[in-house]
Amino acid sequence: MILRSTILAVAAVFGVPAGLTLYIFLVEKGVARLRFPVQKRIRPWLWVAPGLAILSVFLLYPVINTLVLSFLNSDSTRFIGPQNYLRIFTDRDMLIVLRNNALWLVFFTLVTVTVGLLIAVLTDKVRYEQAAKALIFLPMAISFVAAGVIWKFMYEFKPKGVPQIGTLNAVLTTLFPSFEPQAWLFNPGINNWALIVVGIWIWTGFAMVILSASIKGVPKEIVEAARMDGAGEFQVFFRITLPIIKPTIMVVTTTLIINVLKIFDIVYVMTNGILDTEVIANRMYKEMFNFMNFGMASALAVLLLVAIVPVMLMNIKRFGQRGEEQ
Amino acid sequence: MHRRTRITIAFAVAGVILIFLFALSPLNRKKVHAAGEREPVEGTVSVLAVWGGHELDVFKEMARPFEVEKGIRVSYEGTRDINAVLTTRVQAGNPPDIAVLPGPGKMAEFARAGDLVDLSTVFDMERMRADYTEGWLNMGTVDGKLVGVFAKVAIKGLIWYNPHAMDAEGIEIPKNADEMRAVSTRLVRRGKTPWSIGLESGAASGWVGTDWLENIFLRQHGPQKYREWYEGKLAWTSPEVRETWETWGEIVTNPNMVYGGKQYVLSTNFGQAAAPLFMDSPRAYFHMQASFIQSFIKEQFPNLQPGEDFNFFGFPPIEPRYANAVEAAGDLVGMFNDTPQARAFIRYLTTPEAQSYWTSGTGALSANRNVSLVFYPDVLSRNAAQILQKADIVVFDASDMMPGKMNNDFWSAIMSYVQNPSRLDSILRDLERTRREAY
């Protein structure tokens, strides 16, 4: 077993580059025999062909296959038309899943960008900027699963009268003795918000770092000129900084949207979707691995793809524009 | 280049290629297989299971004599989400050699898909029938093929208590459900909380509640209806099922009956939920849990003596004719790759020697009737083992027998019900809809 996998690994590491080099070598030899105008036209295609082939096998084919599966029944033996999709938009459980993703999408993105921007602007003006930013950025270094476990401890609930071992309940009952301890993750009014807070805690650092870099790029001359003309801090921020860093804000926002639509780990670790906290990705995982319903899992995957692609295209377009500007 | 050198190199290259091909060829494997069937002396067997912490230590202890004797390495991988991990690995064509199966329902799915090895080709069936009663072997049989054997088992639905607290309150052990109800009410009137319940269990939150309902259902409606229930032939909206939920509801949805109210019930991990019974001033008096909770209690309260400081009684009978019924559950083990190493290990797993590691190490019970009661570490596990041996009616955990989606929805229905008991009607309607789809 070990011998075989070692041979396979060695073959892959040395074989694939060697094979590609050989391919290019042969292509060049072959192309050199053609007339120049034909050469010019055909060469790029031959060079990208291996890349396209790999992309088709590992990306295009799975996407198409998923699309096909989403119109089949649970064990992919019968065509059932758009039934899986109809269920997503009519079933009570599924509607809750969609609602939760919408909650995540709006509040997670909004709060993360706003708080990230706020911290970026404020830390820009203090001497201990680096330390403050490092602290905020720290959660980014933790895996989502670990963050979920940590916050599960933070949200821990003990009945009133027993020492509270969860940070949140401990702090609140100490500050306000009349406060009733809450089971944050098990109260349908709060649990979704409790989960979203964890996401915000992780991602704010990301938004902050990128926005902060962008703020540093705002030309000093413009800001100083504005101050000379008597602009206050707020005016400088809203009339100068904000318009200049707007493209960056858009990039950060779209990146966050793509990430939040796929949110899985936090929910899986902390509640696994019970008491109306389910999200699309977690549901997809359950349909696939627990219920063995390949049709429904694929339909959810397609739904996610359809939701994410426009945002991704927007993001790519942004990057393209910025490339041209420079 | 000199001609002879070239020929030499060609031969060398060809030789190397041939050696590699031989190493990879089925011819070569067959040879090892045939020789290994008698006495495999090396190699690895991969095991995927749910054991962690103390249970894992015991597993390793159990595996060591096997490793030393046979020279086969046991490579263990643990997970709490066995269903998803195992399904993925099987789907990917990369299953572990031996794995704990997520439940009989899932076992049947794997067996029908041809993923599991027929164990009658592995075991000496004469000896298996001597070691295991027919009931246990039947639970591991799908379409006439033995595909699963029990590594260890547990009795479900034991009521744990703290004898000192019972003495202090002057309470006798209730002999049936009416006495149980009377005792609970008396405690409530004195301002005490009778029960402690904790439903949280990560991705499987709610399963404790399914145990409650199964134990009540079994004693209200008997094994026949119980079977219909898990086989999907009984509607969730039927009066029988509803009665069971409401019986449990008398306890779990009444904040006077259960410690900490619904927030505690929903958010407390099942492993922590026995703790209120054993605090300096007990905060609850009864805790329903399977026999395996003993190892959790011992870990949290190492000074407690089994039998003296903590003890259990059987789930109180409801209908007298089903008084001697017991619900059991266990870790079914199956074999996915037919290698000599896996054969050797699964044979070892079912021997009384290997089984006695589980019983003496964790207080788990063995389905192997040739494990002497001597190997049960204390009076409690001996009692539990005896209950199991004496029971007229032994049924397996119903939720584990249901299809994956039914089981999952049952778990989350438990959580929703405790969160908001007034929604029972719509919860049962949803479960009924799932039943129609899932079977």
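The values are calculated or read from the model by the stated rules, or taken from the named source; none is laboratory data. If you're wondering where the values come from, they're calculated on a predicted model, not measured in any experiment. FYI the Cβ positions are ideal-geometry reconstructions off the backbone, even for glycines, and counts take in every protein chain you see.
No other residue among B:Gln294, B:Gln341 is touching a strand residue (DSSP E or B) at 6+ places or on another chain (Cβ under 9 Å), under 25 Å from B:Glu42 (Cα atoms) and either not in a strand (DSSP E or B) or not polar (S, T, N, Q) (or both) apart from B:Gln341.
Which condition breaks for B:Val252 when tested against (1) buried (at least 19 other Cβ atoms within 10 Å of the Cβ); (2) more than 30 Å from A:Leu185 (Cα to Cα)? So B:Val252 meets the others, but not (2).
If you go through segment B:72-91 and keep only what is surrounded by 13 or more Cβ atoms within 10 Å (Cβ to Cβ) and more than 14 Å from chain A (Cβ to nearest Cβ), you end up with B:Val74, B:Tyr76, B:Gly78.
Need the failing condition index for B:Trp136 against (1) more than 14 Å from chain A (Cβ to nearest Cβ); (2) of a type in the set (A, V, I, L, M, F, W, C); (3) without any contact (Cβ under 8 Å) to a residue 12 or more places away in the chain; (4) closer than 30 Å to B:Ser205 by Cβ, just the number. (3) is the only condition that B:Trp136 fails. Scanning segment A:69-81 for residues that are surrounded by 12 or more Cβ atoms within 10 Å (Cβ to Cβ) and not polar (S, T, N, Q), which turns out farthest from the other protein chains (Cβ to nearest Cβ)? Here the answer is A:Phe71.
For first residues located in segment B:250-269 and assigned to a helix (DSSP H, G or I), partners that are charged (D, E, K, R) and lie 6+ apart or on another chain with Cβ distances below 7 Å form the pairs B:Leu266/B:Glu200; B:Ser267/B:Glu200.
When we screen B:Asn215, B:Asn176 for residues that are at pLDDT 90 or above, under 23 Å from B:Ala325 (Cβ atoms) and out of contact with any strand residue (DSSP E or B) (no Cβ under 8 Å at 6 or more places or on another chain), the only hit is B:Asn176.
Within segment A:181-205, the set of residues being facing chain B (nearest Cβ under 9 Å) and in a loop (DSSP other than H, G, I, E, B) comprises A:Pro181, A:Gln182, A:Ala183, A:Asn187, A:Pro188. Scan segment A:153-176 and report the pairs whose first residue is more than 14 Å from every other protein chain (Cβ to nearest Cβ) and whose second residue is of a type in the set (S, T, N, Q) and not in a helix (DSSP H, G or I), with Cβ atoms within less than 7 Å and a gap of 6+ or a chain change. Matching pairs, first to second residue: A:Ala170/A:Gln164. Checked against (1) of a type outside the set (Ser, Thr, Tyr); (2) in contact (Cβ under 8 Å) with a residue 12 or more places away in the chain; (3) part of a loop (DSSP other than H, G, I, E, B), B:Gly191 passes all but condition (2). Screening segment A:215-271 for helices (runs of 4 or more DSSP H) wholly inside it with 1 or more residues that are buried (at least 18 other Cβ atoms within 10 Å of the Cβ) returns the ranges A:242-261, A:265-270.
For segment A:109-152, taking the residues that are assigned to a loop (DSSP other than H, G, I, E, B) and surrounded by 13 or more Cβ atoms within 10 Å (Cβ to Cβ), the one that is modelled with the lowest pLDDT is identified as A:Asp124.
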